[in-house]
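See structure below.
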Amino acid sequence: MLCAVSACAGSRSGSPGGAGAAPHFVDDAPGSGIDHAYAGGSDFFVGGGVGTFDCNADGRPDLYLAGGEQPAALYRNVSTVGGALRFEKVASPVTDLTSVTGAYPIDVDSDGIPDLMVLRRGGNVLLRGLGDCRFAAANDRFGLDGGTAWTTAFSATWESGSALPTLAFGNYLVADTFDCDTSRLVRPVAGGTTYAPPTVLAPGYCTLSMLFSDWGHTGHTDLRVTNDRHYYIDGGDQLWRMAPGAAPAQYTAADGWRRLQVWGMGIASQDVNGDGIPEVFLTSQGDNKLQMLDAGSTTPSFHDIALKSGVTTQRPYAGGDVLPSTAWHPEFGDVNNDGFPDLLITKGNVDGELDSAMKDPSDLMIGTADGTFTEGAQAAGIVRYEKSRGAAVVDLNMDGQLDLVVVDRNSNIQLWRNAGSGDASKQVPMGHWLSIALQQTAPNVDAIGAWLEVKVGNRTITREITVGGGHVSGELGWLHTGLGSATEAQVRVTWPGGEVGPWTTVGADQFVTITKGAASPVVWTPPVGS
């Protein structure tokens with residue numbers, strides 16, 4: 001069903017209540033129809049991602065799972081609304097590629113059908129979406145050099161005036177060595193619909209995550225990179241200055257950039273404190289980092305607030321192991337719909353490292369009103385001891401509650417259905433919510449680089465729309481926001497390029513599409529029985 005928001009929305013207003021408890025999750029993996037692991041030896045001890053997107057235009061998120069030494073796999077979502085999580089495998093030699101480390105959905109050609117950037121050890125592949133979960137290899141179509149590297153990171157942005165997105169590929173070790181490879185930036189040919197040869201991002205320090213972000217919310221996007229210090233001495237994390245028509249250049253101490261050396265695994269960006277500027281979470285071995293921009297700074301001068309925010313998570317909270325944790329995929333998402341962001345951090349030993357925890361369960365950090373977090377994984381019922389890698393925090397059964405997909409190394413994936421305050425037999429919502437999709441005319445039909453603001457009472461939840469980050473895992477689709485006790489919210493979009501849309505009242509518990517220039521948003525209702 002489609003209708004104008006004014007006809008569908010409720011008329012009452014409210015504001016988020018106090019921070020809620022962790023929701024209960026139900027293990028739906030055994031009966032889900034998915035039997036898939038990220039497999040392999042040392043060539044695949046990093047990686048293991050999932051791409052989450054709607055490949056058949058039915059509104060439900062489908063899954064593309066990296067396989068390492070085994071073939072990757074595409075699974076179509078056939079879950080009923082609010083029901084158990086169920087999937088059907090879509091086998092094809094086009095998608096069932098080997099040596100896949102991860103994947104990021106992105107509509108490269110802006111035809112309204114999501115494409116898939118597949119990262120591999122030995123040559124990346126761009127799969128062009130044809131609809132109905134069908135794809136075609138498209139490197140040649142777009143003149144994209146997939147390279148031969150061990151690729152473990154990706155991000156993309158649309159630079160002004162370009163018909164195609166600019167792509168960044170983060171590479172790990174040079175094959176059969178312990179030397180860090182350099183990464184690559186690929187821009188489209190000026191005024192064209194094909195890609196120019198790649199630009200080397202040197203020096204390289206074994207990149208495991210990267211993210212194009214407007215880190216100061218000023219209208220300017222740069223490329224943030226986190227690297228694995230296990231293989232370098234003099235390097236560190238990087239921030240590359242991006243200017244149209246100019247070669248990328250690293251920010252230095254003279255620019256306000258502070259040196260940071262971590263075992264960098266993943267990046268997540270979210271405005272945690274409500275000031276409209278995103279904080280940056282970085283996973284590592286031992287303590288993780290949550291970086292905040294210095295107050296009033298116009299330079300990339302960040303300081304760490306992980307300890308006072310309660311998200312260092314440096315050791316396991318269960319299982320009895322006292323050695324340091326190894327964290328991989330970070331992702332913010334409001335799993336209890338209280339209006340405050342929560343944080344999933346997947347964990348798992350690299351490959352029998354004796355100085356790191358062997359029993360190392362993933363964290364589910366529950367956000368509170370004061371910007372701090374508390375561990376909620378045990379209350380949520382998701383404690384497991386597999387070697388977890390990539391993940392997604394996404395509403396798979398379209399009930400307004402965020403579910404979890406976790407990719408494990410050498411064991412079947414974890415698939416957790418959010419039951420709210422209920423259980424396996426009954427889902428009980430924990431708060432109101434909105435799921436929003438953004439649309440604009442080509443290029444960049446999904447409005448990557450836009451800022452979405454959702455105002456509830458005196459609190460504004462701000463979100464930057466990006467492609468990249470995480471640990472080789474990306475999502476494209478509905479943007480979920482918890483509203484707490486509020487039954488409606490004010491919503492506004494700042495579109496790529498800086499045009500600011502109007503504030504619009506939207507009723508809670510709906511899927512809403514906002515189109516640039518349209519008179520009003522439109523509500524989408526999942527088909528009955530789907």
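Each row is one residue, and each column tells you yes or no for (1) open to solvent by less than 30 Å² (accessible area, probe 1.4 Å); (2) modelled with pLDDT of 95 or more; (3) in a strand (DSSP E or B).
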| site | (1), (2), (3) |
| --- | --- |
| 185 | yes, yes, yes |
| 190 | no, no, no |
| 203 | no, yes, no |
| 220 | no, yes, no |
| 247 | no, yes, no |
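Only residues that are acidic (Asp, Glu), under 19 Å from residue 327 (Cα atoms) and open to solvent by 80 Å² or more (accessible area, probe 1.4 Å) were counted in segment 227-245, giving 0. For segment 249-289, a tally of residues being at pLDDT 95 or above and in contact with a strand residue (DSSP E or B) (Cβ under 7 Å, 6 or more places away or on another chain) returns 28.
Evaluate the following for residue 412: is it at pLDDT 95 or above and not in a strand (DSSP E or B)?
Details: at pLDDT 95 or above: yes; not in a strand (DSSP E or B): no.
No.
Scan segment 252-264 residue by residue and report those that are touching a Lys or Arg at 6+ places or on another chain (Cβ under 9 Å) and either open to solvent by 40 Å² or more (accessible area, probe 1.4 Å) or more than 27 Å from residue 370 (Cβ to Cβ) (or both).
Kept after step one, since they are touching a Lys or Arg at 6+ places or on another chain (Cβ under 9 Å), are these residues of segment 252-264: 253, 255, 260-264.
If the condition is that a residue be touching a Lys or Arg at 6+ places or on another chain (Cβ under 9 Å) and either open to solvent by 40 Å² or more (accessible area, probe 1.4 Å) or more than 27 Å from residue 370 (Cβ to Cβ) (or both), then 253, 255, 261, 263, 264 are the ones that fit.
Checked against (1) in contact (Cβ under 8 Å) with a residue 60 or more places away in the chain; (2) among the hydrophobic types (A, V, I, L, M, F, W, C); (3) closer than 29 Å to residue 406 by Cβ, residue 242 meets all criteria but (3). If I filter segment 78-90 for residues that are surrounded by fewer than 24 Cβ atoms within 10 Å (Cβ to Cβ), more than 28 Å from residue 438 (Cα to Cα) and out of contact with any helix residue (DSSP H, G or I) (no Cβ under 7 Å at 6 or more places or on another chain), do I get at least one hit? Taking every residue of segment 78-90 in turn, at least one turns out to be surrounded by fewer than 24 Cβ atoms within 10 Å (Cβ to Cβ), more than 28 Å from residue 438 (Cα to Cα) and out of contact with any helix residue (DSSP H, G or I) (no Cβ under 7 Å at 6 or more places or on another chain).
Scanning segment 505-530 for residues that are at pLDDT below 95 and of a type in the set (Val, Ile, Thr) yields a count of 2. Kindly indicate whether any position in segment 395-417 is β-branched (Val, Ile, Thr) and open to solvent by 10 Å² or more (accessible area, probe 1.4 Å). Scanning segment 395-417 turns up no residue that is β-branched (Val, Ile, Thr) and open to solvent by 10 Å² or more (accessible area, probe 1.4 Å).
In segment 32-43, the residues that are under 11 Å from residue 408 (Cα atoms) form Cβ pairs under 7 Å with partners that are assigned to a strand (DSSP E or B) and among the hydrophobic types (A, V, I, L, M, F, W, C), at six or more places apart or across chains, as follows: 36/65; 36/73; 36/413; 38/407. In segment 114-151, of all residues being surrounded by 21 or more Cβ atoms within 10 Å (Cβ to Cβ) and among the basic types (Lys, Arg), the one that is nearest to residue 177 (Cα to Cα) corresponds to 121. In this structure, does residue 283 turn out to be over 25 Å from residue 390 (Cβ atoms) and β-branched (Val, Ile, Thr)? So residue 283 does not fit the description; no.
Would you mind stating whether residue 75 is touching a Lys or Arg at 6+ places or on another chain (Cβ under 6 Å), assigned to a strand (DSSP E or B) and either in contact (Cβ under 8 Å) with a residue 40 or more places away in the chain or open to solvent by 10 Å² or more (accessible area, probe 1.4 Å) (or both)? Talk me through it step by step, then tell me what you get.
Working: touching a Lys or Arg at 6+ places or on another chain (Cβ under 6 Å): yes; assigned to a strand (DSSP E or B): yes; either in contact (Cβ under 8 Å) with a residue 40 or more places away in the chain or open to solvent by 10 Å² or more (accessible area, probe 1.4 Å) (or both): yes.
Here the answer is yes, as residue 75 does meet what is asked.
Given the conditions (1) in a strand (DSSP E or B); (2) over 26 Å from residue 26 (Cα atoms), which single one is not true for residue 89? With (1) in a strand (DSSP E or B); (2) over 26 Å from residue 26 (Cα atoms) applied to residue 89, the lone miss is (2).
Report whether or not residue 237 is farther than 24 Å from residue 143 by Cα and under 25 Å from the mean Cα position of the chain (by Cα). Let's see the steps before the verdict.
On the way: farther than 24 Å from residue 143 by Cα: yes; under 25 Å from the mean Cα position of the chain (by Cα): yes.
Yes.
Scanning segment 441-450 for residues that are open to solvent by 30 Å² or more (accessible area, probe 1.4 Å) and among the polar types (S, T, N, Q) yields one hit, 441.
Identification of strands (runs of 3 or more DSSP E) wholly contained in segment 302-352 with 3 or more residues that are touching a residue at least 24 places away in the same chain (Cβ under 8 Å) yields 327-333, 342-347. Looking only at residues in segment 343-382 that are in contact with a Leu (Cβ under 8 Å, 6 or more places away or on another chain) and either among the acidic types (Asp, Glu) or more than 15 Å from residue 327 (Cα to Cα) (or both), the one that is most open to solvent (accessible area, probe 1.4 Å) is 355. Only one entry of 163, 196, 156 meets the criterion of being under 24 Å from residue 449 (Cα atoms), modelled with pLDDT of 95 or more and in contact with a Leu (Cβ under 6 Å, 6 or more places away or on another chain), and that entry is 156. Looking at segment 222-245 only, could you name the residues that are closer than 19 Å to residue 303 by Cβ, in contact with a Ser or Thr (Cβ under 8 Å, 6 or more places away or on another chain) and in a loop (DSSP other than H, G, I, E, B)? 237, the sole residue that qualifies.
Select from segment 358-408 the residues that are closer than 23 Å to residue 43 by Cβ and not polar (S, T, N, Q) and list them in ascending order.
Step one: list which residues in segment 358-408 are closer than 23 Å to residue 43 by Cβ, which gives 358, 360, 386-391, 406-408.
If the condition is that a residue be closer than 23 Å to residue 43 by Cβ and not polar (S, T, N, Q), then 358, 360, 386, 387, 389, 390, 391, 406, 407, 408 are the ones that fit.
State all residues of segment 82-122 that are among the basic types (Lys, Arg) and under 20 Å from the mean Cα position of the chain (by Cα); if no residue qualifies, say none. Step through it out loud before you land on a result.
Initially, segment 82-122 is screened for residues among the basic types (Lys, Arg), giving 86, 89, 120-121.
Of everything in segment 82-122, just one residue is among the basic types (Lys, Arg) and under 20 Å from the mean Cα position of the chain (by Cα), namely 120.
The rows are residues; the columns are (1) surrounded by fewer than 24 Cβ atoms within 10 Å (Cβ to Cβ); (2) touching a helix residue (DSSP H, G or I) at 6+ places or on another chain (Cβ under 6 Å); (3) among the charged types (D, E, K, R); (4) not in a strand (DSSP E or B).
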position: 462; (1), (2), (3), (4): yes, no, no, no
position: 474; (1), (2), (3), (4): no, no, no, no
position: 482; (1), (2), (3), (4): no, no, no, no
position: 486; (1), (2), (3), (4): no, no, no, yes
position: 489; (1), (2), (3), (4): no, no, no, no
position: 492; (1), (2), (3), (4): yes, no, yes, no
position: 498; (1), (2), (3), (4): yes, no, no, yes
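For residue 453, state whether it is in contact with a Gly (Cβ under 6 Å, 6 or more places away or on another chain), over 23 Å from residue 112 (Cβ atoms), open to solvent by 20 Å² or more (accessible area, probe 1.4 Å) and among the charged types (D, E, K, R). It is false that residue 453 is in contact with a Gly (Cβ under 6 Å, 6 or more places away or on another chain), over 23 Å from residue 112 (Cβ atoms), open to solvent by 20 Å² or more (accessible area, probe 1.4 Å) and among the charged types (D, E, K, R).
The values are calculated or read from the model by the stated rules, or taken from the named source; none is laboratory data. These numbers were taken from a predicted model, which means no experiment stands behind them. Heads up, the Cβs are rebuilt from the backbone with ideal geometry, glycines too, and the neighbour counts pull from every protein chain shown. The area values use the complete protein model at the heavy-atom level, side chains included, leaving out ligands, DNA and RNA. Shrake-Rupley method; radii C 1.70, N 1.55, O 1.52, S 1.80 Å.
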